[in-house]
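Novice: My structure is below; once you've seen it, I'll send some questions.
The values are calculated or read from the model by the stated rules, or taken from the named source; none is laboratory data. Remember, predicted model here, so these are calculated numbers, not experimental data. Cβ coordinates were reconstructed from backbone atoms using ideal geometry, including for glycine residues, and neighbour counts include every protein chain displayed. Note: accessible area is taken over every heavy atom of the protein model, side chains too, but ligands, DNA and RNA are not part of it. Shrake-Rupley method; radii C 1.70, N 1.55, O 1.52, S 1.80 Å.
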Amino acid sequence: MLVSELIQRKRDGGVLAASDLQAFFQSYMQDRVADYQMSAFLMAVFFRGLDPSELATLTRTIIESGRQLDFSGDGPPAVDKHSTGGVGDKVSLILAPLVAEAGLRVPMISGRGLGHTGGTLDKYESIPGFRTALELNEFEAIVADVGCAVIGQTPEITPLDGRLYALRDVTGTVKSVPLIASSIISKKVAEGVEALVLDVKCGRGAFMQDEAEALELGRVLVDLAASEGVRATGLVTDMETPLGRTIGNALEAKEAIECLLGGGPTDLREVTLALSAELLVSALLADGSAAERFIRQVERQGGDPRVVADPDRLPVAPVQREYRARQAGTITRLDARELGLAAVELGAGRTRVEDEVDPRVGFVLEVCLSDPVEQGDLIAMIHAADEASAGLAADRLARAISISEKPLSAEQRSGVSPTTADRAPPVAARPPARHTRLLQRITPQGVEPA
């Protein structure tokens, strides 16, 4: 089948044979299919989707485009977590050493920012010297020694997904259930995990803004993982407002370290502990042992381990501007998507594949949804590379944050992040508030409340 005919057939809603799909993607990896042709195919999938057989073929082809790791021998089980992406989501930096400290192995293959959401690799790389481009033998050695390590796409692991991922980010084809599912599950199968927990975000700051869409994606992910022999469950969590208080790579790394040391915002602790099996690992946050393992991971991957004791060693933006309330009232809107896009404009994300991420920039939010404020109260700190971009960010914040004379209703408050009073100051012995972020739990047997 000619490439143009294959694209047209998918554009018109046809189902492609496994042999045709495999040949198409293999030709792309051999540079016999151009990026513009693959972009057209991705757009066709965005609108027409893939049926289960096509999705299985795509996932298996991505897996087989590179090497597969195997942790099934002696040693504790290898497990991983994946988030579908959200604003302020720095859970992976906390969860990996936390679960490793509990005795499991966590080999993570993570991604960079897509659209308005931040990327796990970008957050790790805000630590001076931290390397995510590791040889696989070094990656495996760190997992064996430390219990956790993180890398991105490599020429050896799912290289096809690496190329598709970059195209999706700049062609408007991010929000596609089959493309998201095949990308996530292929990497997890290739990294050799036995079990997987999926954090499926929904709300304004998520790619799946509607809860029904998030549930659909969660079911597809759980079923696709099972078809590849990986035990998976999913949690649908709220991304209507940013997770935690920071947005931007170095700022989020700093907040993750605070959580590892027993502090951090309540909603961030809640999601992390839920994904990590709270009963097993919650004590580790209080005694700092997970932070010690994080130090070892950072050191082994070339980073500066002193950032744990002194997070101010993380990159610092040269311009820090206050954004203050223009009127008294109640915070009735913290638009996660607008805040994520504002962070991208500052340089915390990419608008083109070739863009470089500035780890210094972002925001520190000083309020949560439903907080009362007075005129002139500090709402956020803008961390920017220069005064011009700080000014543009302030304009974005004005569109993303609303203050109303009327407080939120009980219905509006349900399911949102806790108030400032709930989260400050953090006390390790105090359990996190429940059901502020967790919405649904997905298993192979069905869906239940989280």
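One line per residue, one yes/no per condition, for (1) at pLDDT below 95; (2) open to solvent by less than 20 Å² (accessible area, probe 1.4 Å); (3) part of a loop (DSSP other than H, G, I, E, B):
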| position | (1), (2), (3) |
| --- | --- |
| 353 | yes, no, yes |
| 363 | no, yes, no |
| 390 | no, yes, no |
| 408 | yes, yes, yes |
| 417 | yes, yes, yes |
| 422 | yes, no, no |
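Novice: Return yes or no: is residue 270 closer than 30 Å to residue 395 by Cα, buried (at least 20 other Cβ atoms within 10 Å of the Cβ), of a type in the set (D, E, K, R) and within 19 Å of the chain's Cα centre (by Cα)?
Specialist: When the stated conditions are applied, residue 270 does not pass them.
Novice: Another one. Can you find a residue in the range 338-346 that is of a type outside the set (A, V, I, L, M) and in contact with a Cys (Cβ under 9 Å, 6 or more places away or on another chain)?
Specialist: So far as the range 338-346 goes, no, none of its residues is of a type outside the set (A, V, I, L, M) and in contact with a Cys (Cβ under 9 Å, 6 or more places away or on another chain).
Novice: A further question follows. Across the range 101-113, what is the number of residues that are out of contact with any Cys (no Cβ under 8 Å at 6 or more places or on another chain) and either open to solvent by less than 10 Å² (accessible area, probe 1.4 Å) or over 19 Å from residue 76 (Cα atoms) (or both)? Talk me through it step by step, then tell me what you get.
Specialist: Initial filter on the range 101-113 (out of contact with any Cys (no Cβ under 8 Å at 6 or more places or on another chain)): 101-104, 109-113.
Now restrict to residues that are either open to solvent by less than 10 Å² (accessible area, probe 1.4 Å) or over 19 Å from residue 76 (Cα atoms) (or both): 109-113.
Within the range 101-113, residues that are out of contact with any Cys (no Cβ under 8 Å at 6 or more places or on another chain) and either open to solvent by less than 10 Å² (accessible area, probe 1.4 Å) or over 19 Å from residue 76 (Cα atoms) (or both) number 5.
Novice: Of all residues in the range 16-55, how many are open to solvent by 30 Å² or more (accessible area, probe 1.4 Å) and closer than 17 Å to residue 176 by Cα?
Specialist: Of the residues in the range 16-55, 9 are open to solvent by 30 Å² or more (accessible area, probe 1.4 Å) and closer than 17 Å to residue 176 by Cα.
Novice: Looking at residue 98, is it without any contact (Cβ under 8 Å) to a residue 40 or more places away in the chain and open to solvent by less than 10 Å² (accessible area, probe 1.4 Å)?
Specialist: no
Novice: For the range 211-225: of the residues being under 15 Å from residue 185 (Cβ atoms) and out of contact with any helix residue (DSSP H, G or I) (no Cβ under 8 Å at 6 or more places or on another chain), which is most open to solvent (accessible area, probe 1.4 Å)?
Specialist: Per the stated criteria, the residue is 219.
Novice: Among (1) at pLDDT 90 or above; (2) of a type in the set (Asp, Glu); (3) surrounded by fewer than 24 Cβ atoms within 10 Å (Cβ to Cβ), which single condition is residue 122 missing?
Specialist: Going through the list (1) at pLDDT 90 or above; (2) of a type in the set (Asp, Glu); (3) surrounded by fewer than 24 Cβ atoms within 10 Å (Cβ to Cβ), residue 122 breaks only (3).
Novice: May I ask you to say which residue of 337, 269, 293, 321 is under 23 Å from residue 126 (Cβ atoms), basic (Lys, Arg) and modelled with pLDDT of 95 or more? Lay out the reasoning, then the answer.
Specialist: Numbers: 337 fails: modelled with pLDDT of 95 or more; 269 fails: modelled with pLDDT of 95 or more; 293 fails: modelled with pLDDT of 95 or more.
It is 321.
Novice: Does residue 244 count as under 28 Å from residue 343 (Cα atoms) and not in a strand (DSSP E or B)?
Specialist: Yes.
Novice: Moving on. Please verify whether residue 154 is among the polar types (S, T, N, Q), over 29 Å from residue 76 (Cβ atoms) and either open to solvent by 10 Å² or more (accessible area, probe 1.4 Å) or not in a helix (DSSP H, G or I) (or both), treating the condition exactly as stated.
Specialist: Here the answer is no, as residue 154 does not meet what is asked.
Novice: Also, quick follow-up: Can you tell me which residues in the range 173-210 are under 22 Å from residue 438 (Cα atoms), buried (at least 24 other Cβ atoms within 10 Å of the Cβ) and of a type in the set (D, E, K, R)?
Specialist: Selection gives 199, 201.
Novice: In the range 101-138, how many are among the acidic types (Asp, Glu) and in contact (Cβ under 8 Å) with a residue 24 or more places away in the chain?
Specialist: Count: 3.
Novice: Tell me, yes or no, whether the range 375-382 has at least one residue that is touching a residue at least 60 places away in the same chain (Cβ under 8 Å), under 21 Å from the mean Cα position of the chain (by Cα) and crowded, with 22+ Cβ neighbours inside 10 Å.
Specialist: The answer is no; no qualifying residue exists.
Novice: Within the range 130-151, work out how many residues are open to solvent by 10 Å² or more (accessible area, probe 1.4 Å) and part of a helix (DSSP H, G or I).
Specialist: Counting residues in the range 130-151 that are open to solvent by 10 Å² or more (accessible area, probe 1.4 Å) and part of a helix (DSSP H, G or I) gives 6.
Novice: Of the residues that sit in the range 56-77 and are among the aliphatic types (A, V, I, L, M) and surrounded by fewer than 21 Cβ atoms within 10 Å (Cβ to Cβ), which one is farthest from residue 119 (Cα to Cα)?
Specialist: Only one residue fits best here, namely 56.
Novice: Looking at the structure I just gave you, is residue 170 surrounded by fewer than 23 Cβ atoms within 10 Å (Cβ to Cβ) and either of a type in the set (Ser, Thr, Tyr) or within 21 Å of the chain's Cα centre (by Cα) (or both)?
Specialist: Yes, satisfied.
Novice: Determine, yes or no, whether residue 98 is assigned to a helix (DSSP H, G or I), modelled with pLDDT under 95, at negative phi and not basic (Lys, Arg).
Specialist: Judged against the criteria, residue 98 is a match.
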